[in-house]
Amino acid sequence: MYGPVRLRGVSSESAMSAFVIAHSVSSRRAVGIWLLCIAALIVAMLAVGGLTRLTGSGLSITEWDPIVGAIPPLSHADWQEAFRKYQQIPQYHFENPGMTLEAFKGIFWWEWIHRFLGRFIGFAFLIPFAWFAATGAIGRKDWGRMIMVFALGGLQGFVGWWMVESGLEVRVAVSQYRLAIHLGVAVLLLGAVLWVALEYLRAPSPPRGRMAGKSRAAIAAYAFAGLVFVQMLLGAIVAGLHAGLIYNTWPLMNGRFGPELPFAQGWISFFENPGLAQFDHRIVAYAVVIFAYFFWQWIMRQRVEAVARFAADVVLIVTVAQAALGIFTLLFAAPVALAALHQVVAALLFCAAVWQAFELTSPDPVQRA
């Protein structure tokens, strides 16, 4: 009479267990979707950051105030004060002398939106994280890496200001080295958020990456993602040197295989010579396309899961699209719209490469048919 209650042949203990499992899966999926939204916001910030650079807006705000700086000028006097500070830096004197207040507002808003997005992403991460941690959707074992991701986002804000500082006293633009570091930290943050999101969107399983060293497919996928990352850093060097405005021919560089006098400054020419920086970016782009194609062919011949094959398809498609977009951006001398789109698609290619690496990371992914 008082034995286990059964409903349609299922014991109360089994029903409760099923409920707990379903709740756990639902909670993990909610965390995964939240992190995917954070990743999308980071891609949006990369897009706005690219537009900020392309419109020459990055030095329009000459102070870093994480709290008060969130409020834009609200009165004519506030705008005059912000403009006065901008008029004291070299960029105004050498590139924008005689700029009007209305023109200044045009570049100011790009930089303000870029910084606002950074602050918004911080709150969009911290507040839901606190909720998910309190409700148990994010277990204690994951608190550490979530805090590390948040700290990486904070570091990105600091690096951004460090980059802006390089253009306030002597230069008329930011240092290409600091620009590359700023982009690199943002891309690493994007990859970390996306990887954790993918883990939470799957059923609980042993942490991926622990056995990846045994898989040639996983090693190759990691190598490809690393190559895309390096290519994005080279793109930042090209952008910082305005190297997209020269040698606007393809496949040759004004009739030559490479730039003129590529090593006139010695080894530092790799980072200081605009022509050589563009050449390096071209060569690595070819390497990315070749790697993506032959790796895709290899994956298609293996017994891997359908989702891993689909990830390889996406990587190849985005790679080809990005290469074509890069060529058109070069031929048209880097117009703002094409150059900004080129940066966004680069971020999407990196995301696709991370996804591919995730799908191929297991003790033996080739046997997971």
Between VAL307, VAL289, VAL149, where does the largest GNM mean-square fluctuation fall for the chain, given springs only between Cα atoms within less than 10 Å? VAL307
If DNA, RNA and ligands are ignored and the probe is 1.4 Å, what is the ranking of MET300, MET148 by accessible area, most exposed first? MET148, MET300
If you roll a 1.4 Å probe over the chain with all protein chains in place, what percent of the accessible area is carbon or sulfur? 71 percent
Dividing the Cα convex hull volume of the range 253-369 by residue count, how many Å³ per residue is that? 121 Å³
In percent, how large is the relative contact order of the chain, given Cα pairs closer than 8 Å and 6 or more residues apart? 22 percent
Quickly work out the ALA134-to-VAL170 label distance, labels modelled 7 Å from Cα along the C-beta direction, and quote it in nm with one decimal. 5.0 nm
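Do the sum for the chain: with -39,500 (n - 2.57) for every DSSP H run of n ≥ 4, divided by all residues, what is the mean residue ellipticity at 222 nm, to the nearest 500 deg cm²/dmol? Numbers along the way, then the final one.
On the way: 11 runs with 253 residues, N = 369.
Calculated from helices alone, the mean residue ellipticity at 222 nm is -24000 deg cm²/dmol.
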Angle between the chain longest axis and helix 216-240 axis [Cα atoms, degrees, rounded to 10]: 20 degrees
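Can you tell me the length gained on complete extension of the stretch LEU126 to THR55, counting 0.36 nm per residue apart and subtracting the Cα distance?
Net length gain for the segment: 22.4 nm.
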Using just the C-alpha positions of the chain as equal point scatterers, what log10 of I(q)/I(0) does the Debye formula give at each q in 0.09, 0.10, 0.11, 0.13 1/Å? -0.61, -0.74, -0.86, -1.12
If we count trypsin sites (Lys or Arg not before Pro) as exposed when they sit in a DSSP loop and have at most 16 other beta carbons within 10 Å, what is the longest stretch of the chain that avoids them all? 9-170
If you average 1/r over every pair of different alpha-carbon atoms in the range 144-199 and take one over that average, what Kirkwood value in Å do you get? 12.1 Å
Apply the Karplus curve 6.51 cos²θ - 1.76 cosθ + 1.60, θ = phi - 60°, to the phi angles in the range 130-138 and return the couplings in whole Hz, x for Gly and Pro. 4, 5, 5, 5, 5, 8, x, 5, 10
Chain lengthening between ALA264 and GLN87 when straightened (0.36 nm per residue, less Cα-Cα): 60.2 nm
Counting only protein heavy atoms and leaving out ligands, DNA and RNA, the solvent-accessible surface of ILE147 at a 1.4 Å probe, in Å² to the nearest 10, equals 100 Å²
With a Förster distance of 22 angstrom and the Cβ-Cβ distance between VAL336 and LEU101, calculated FRET efficiency to the nearest 0.05 equals 0.45
The answer for the chain, accessible area per residue at 1.4 Å probe in Å², is 52 Å²
If you line up the long axis of helix 274-300 against the longest principal axis of the chain, both from Cα atoms, how many degrees apart are they, to the nearest 10? 20 degrees
Give me the extension gain from LEU74 to ARG303: residue separation times 0.36 nm, minus the current Cα-Cα distance, reported in nm with one decimal. 76.3 nm
Which angle from 0 to 90°, rounded to the nearest 10, does the C-alpha axis of helix 336-359 make with the longest principal axis of the chain? 30 degrees
I want to check the label-to-label distance for VAL289 and VAL320. Put each point 7 Å from Cα in the C-beta direction and report it in nm to one decimal. 1.1 nm
Principal axes of the range 115-246: Cα extent on each, largest first, Å: 52, 39, 18
How big is the equivalent ellipsoid of the range 36-179 along its three axes, where each semi-axis is √(5λ) from the Cα gyration tensor, reported in whole Å from largest to smallest? 34, 16, 12
Roughly speaking, what is the centre-to-centre gap between the range 301-362 and the range 125-152 when only Cα atoms are used, to the nearest Å? 30 Å
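The values are calculated or read from the model by the stated rules, or taken from the named source; none is laboratory data. Model, not experiment: these values are computed from the prediction. Reconstructed Cβ throughout: ideal geometry from the backbone, glycine too, with neighbour counts over all protein chains shown. What goes into the accessible areas is simple: the full protein's heavy atoms, side chains included, and nothing from ligands, DNA or RNA. Shrake-Rupley method; radii C 1.70, N 1.55, O 1.52, S 1.80 Å.
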